[in-house]
1. Which percent, nearest 5, of DSSP beta bridges in chain A are antiparallel?
2. Between the helical axis of B:210-224 and the dominant principal axis of chain B, each derived from Cα atoms, what acute angle in degrees is found, rounded to the nearest 10?
3. How large, in percent, is the carbon and sulfur part of the accessible surface of segment B:25-141 at a probe radius of 1.4 Å?
4. Taking the Cβ-Cβ separation of B:Gln365 and A:Lys82 as r and a Förster radius of 30 Å, what is the calculated FRET efficiency to the nearest 0.05?
5. Please give the helix A:404-422 orientation as an angle from the longest Cα principal axis of chain A, in degrees from 0 to 90, rounded to the nearest 10.
6. Where the eigenvalues come from the Cα gyration tensor of segment A:1-150, what are the semi-axes √(5λ) of the equivalent ellipsoid, largest first, in whole Å?
7. Straight distance only, please: which aspartates and glutamates reach the Cα of A:Lys291 with their own Cα at less than 15 Å, same-chain residues fewer than 8 apart left out?
8. Given H placed 1.01 Å from N in the peptide plane, which residues other than close sequence neighbours of A:His318 have an amide H under 5 Å from its amide H?
Amino acid sequence: MTRDATVQKEQSMVLQKDMIAAHFKRLANAKETGKKVVYTFVPGNLNELIWAFDMLPVHPEINALQSAMRKKSSSYVIEAEKFGHSEDVCTYVKCDIGMLKKGNIGPTGEKLPEPDLLLLSYTGCFTFMKWFELLKQEYDCPVAMLHVPYQADGEKTPEMIEYVSKQLREEVVPLMEKVSGNKLDKGRLRMLMESSARAEENLVAVWESAKNKPSPIDAYFGGVYYIGPIFSAFRGLDVAEEYYRTLREEVDARVEHKLGPITPDGPMKDERYRLVVEGPPNWTSFREFWKMFYDEGAVVVSSSYTKVGGIYDNGFRHDPDRPFQSMAEYCTGCYTNLNLPTRIQYLQQAIDDYHADGFLINSIKSCNSFSAGQLLILRELEKRTGKAGGFIESDLVDPRYFSAANIKNRLESYFQMIDAKRNG
Amino acid sequence: MKVSEIVARCEELYSDLHLSYVKEWKRRNKRKAIGYMPIYVPRQIIHAAGMLPVGIMGAGDTLEIIRGDAYYQSYICHIPRSTIELGLTGRLDCLDGLLFPAICDVIRNLSGMWQLMFADKYVKYMDFPQNFNESIGGEFYARELEQLREDLVKMGNKPVGVDELNESIIRYNANAKAIKDLYALRSDAPHRVPTYELYLLMRASNILEVSEHTSLVEEYLSAVGKEDRQELDNIRVIVTGVFCEQPPLGLIRALEHSGCYIVDDDWVLGARFIDRDIEVGDDPIRALATGYIKHGVATSSRYIDQEEKGRHLLDRVEELSAEGVIFASPSFCDPALLERPMLQAALSKSNIPYTSFKFGENSGQYQVIKEQTGTFSDSIKLWGTA
């Protein structure tokens with residue numbers, strides 16, 4: 001591996017950085033420009049609907065992870081604990097509450113505007129409900145609750161889709177109309193959904209590029225950047241379309257030249273281990289964590305975390321001809337809304353399709369939605385695939401739960417296990 | 001029966017992790033039994049299908065967890081470990097199915113684990129709506145109930161029509177009334193109904209056939225009136241946060257012995273989840289759905305839409321003349337622990353004292369908690385505040 005002194009920036013990275021900066025600027029100026037602000041969650045979000053009302057989305061989980069990457073989350077978590085929040089509960093929630101209590105300064109250093117609407121799209125995580133109940137105590141604004149049923153039997157039934165669509169049509173949209181002061185612009189919604197589908201198409205091509213050897217992408221550490229625009233504030237917008245078009249071109253070029261993924265230390269040259277990873281990453285020591293992989297020549301070819309906002313590689317695309325049903329299908333289909341047997345099947349398929357040498361679970365203390373049941377996932381995948389399974393533990397944004405030496409030891413042992421399996 | 005005999009009967013049911021009563025009931029009736037996890041399921045439908053609903057609330061502090069721990073990381077609560085232990089050691093073999101109500105991510109994911117680990121059993125995740133509009137959430141929930149009814153009809157090979165459902169609703173309404181009377185007597189005269197006894201009676205509702213349980217509660221109410229029990233200088237408290245994983249019996253005793261009369265609680269909440277009678281009529285499925293949508297009690301896993309957060313607790317404090325609130329939450333219980341700061345804020349605003357601790361169903365040491373709640377009690381007695 002070569003190590004460049006400066007981080008290599010591709011055009012897509014520059015585009016993403018610019019769009020994030022522009023969005024936080026828009027948020028900082030929201031009150032002056034009269035834009036209404038909607039706080040909402042990443043999984044199965046309703047970005048197209050929010051933009052159709054010309055409102056500005058804010059995602060508390062994104063703020064939390066950005067705070068962690070900027071080493072600010074620790075003080076926010078401790079601040080929330082001072083206000084009576086237990087050390088046992090989700091650190092995303094505590095980071096957000098702590099940030100709020102300390103002045104609600106966003107990741108770019110600008111103050112975030114207060115919400116005009118809390119859009120509680122309650123998908124795949126029970127804690128979301130408590131999170132927005134907590135925010136409701138802090139802000140004088142209405143809450144739109146969108147309850148998304150769980151795929152307990154591994155399918156989206158017509159009844160589930162009708163239930164979600166009905167909530168959208170009869171409760172969520174009318175409330176958004178009231179808050180924004182505008183009627184829903186169906187033409188605009190259509191255009192946004194068409195754009196989303198085009199971006200989704202390109203993202204799937206990027207994921208599938210990892211079937212190549214070497215893989216031109218890291219679908220976990222790099223992947224979390226790739227999902228940034230589509231899972232946060234930008235899906236449906238021209239900038240997101242441009243981002244995914246550019247990203248796909250860059251990845252196609254790397255495939256053509258048989259290049260590996262770009263890491264913070266430059267392009268990775270020696271692909272020694274191909275992994276599928278289950279679970280979110282640790283954000284407080286993200287680079288250090290990633291380095292433990294690329295130093296060993298380990299590349300992640302598929303990950304479940306990058307499907308937490310929504311799954312596109314099973315063929316789903318936003319469909320402008322059936323806007324409400326399509327949004328309902330999107331909400332219902334995100335990764336943590338799948339039951340355990342379906343999650344195992346999904347990971348098994350990824351291990352096969354992406355020719356992985358093994359799979360690794362990063363179990364997150366804070367996230368019961370992901371973590372409860374992962375030890376059974378480990379056993380089942382080992383049994384079904386015969387591939388080496390690894391298990392490490394960390395947290396999302398609380399640095400107290402990231403033990404670098406421990407994780408590194410475990411990873412090194414895990415890579416040795418893969419070698420041993422290879423050598424029979 | 002005397003009070004002591006009733007309590008002994010309940011203790012026996014409580015500690016029998018092999019579910020002998022269920023096995024005997026099945027043998028005698030040649031019917032099936034369906035288990036359910038906390039907090040609430042519509043037991044009327046199971047009953048109408050001729051089956052025995054059986055509440056599973058973990059294994060308390062009496063079962064050593066060996067295999068269950070292998071399925072969970074250290075930061076997951078205890079109830080799923082002991083439930084898996086019960087399953088893997090064959091203690092739940094007499095159950096023909098298990099229902100997993102939508103209360104948190106851990107129980108939700110356990111439903112999928114159960115599908116894989118006990119593939120020959122019926123497993124249903126009960127997805128309770130968080131939308132409380134009758135024409136939206138009510139419709140969805142009625143379909144969920146209809147699905148449950150259809151599944152049980154297939155399993156039990158017995159029709160479950162309007163008459164069967166209404167008959168079961170009547171029996172469960174009678175049970176709810178008996179339990180309401182029990183709770184009312186305890187809050188009126190807590191020295192006559194120690195919480196230890198009330199709790200065991202409530203746990204018996206998980207196992208016994210509903211009418212048998214109703215009779216037992218009525219018998220207790222009658223017997224306890226004849227006993228002379230001395231009133232102590234205890235404070236009146238409400239215990240909250242215990243809707244899923246249960247405290248060990250020793251911990252309940254420790255709370256009572258620390259100078260607290262518990263006048264309300266939320267353990268075994270499923271038995272009194274709907275705060276009024278379910279209507280008997282032409283559409284019992286719809287009546288059950290309406291009961292849940294319109295008259296379900298406030299608890300952490302139920303979204304509060306319009307009502308002020310903590311209002312239910314404040315009202316209970318006032319109605320029952322409680323002097324303080326004890327937050328007893330299972331370790332790593334997201335719903336209870338995330339709810340707690342909001343409820344505490346509501347209590348603080350109204351100058352109602354509270355104290356908080358965490359427990360596990362297998363906690364073995366109560367001394368620290370007893371000292372904490374004892375101090376809480378003393379401070380209220382002395383100064384009227386904690």
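1. Here the antiparallel bridges make up roughly 10 percent for chain A.
2. That works out to roughly 30 degrees.
3. Result for segment B:25-141: 46 percent of the exposed heavy-atom area is carbon or sulfur.
4. About 0.65, to the nearest 0.05.
5. Around 60 degrees separate the two axes.
6. Sorted largest first and rounded, they come to 25, 21, 16 Å.
7. The qualifying aspartates and glutamates are A:Asp4, A:Asp218, A:Asp265, A:Asp270, A:Glu271, A:Glu412.
8. Result for A:His318 returns A:Ala197.
The values are calculated or read from the model by the stated rules, or taken from the named source; none is laboratory data. Just so you know, these numbers come straight off a predicted model, no measurement behind them. Cβ coordinates were reconstructed from backbone atoms using ideal geometry, including for glycine residues, and neighbour counts include every protein chain displayed. With ligands, DNA and RNA removed, areas are computed over all heavy atoms of the protein, side chains included. Shrake-Rupley method; radii C 1.70, N 1.55, O 1.52, S 1.80 Å.
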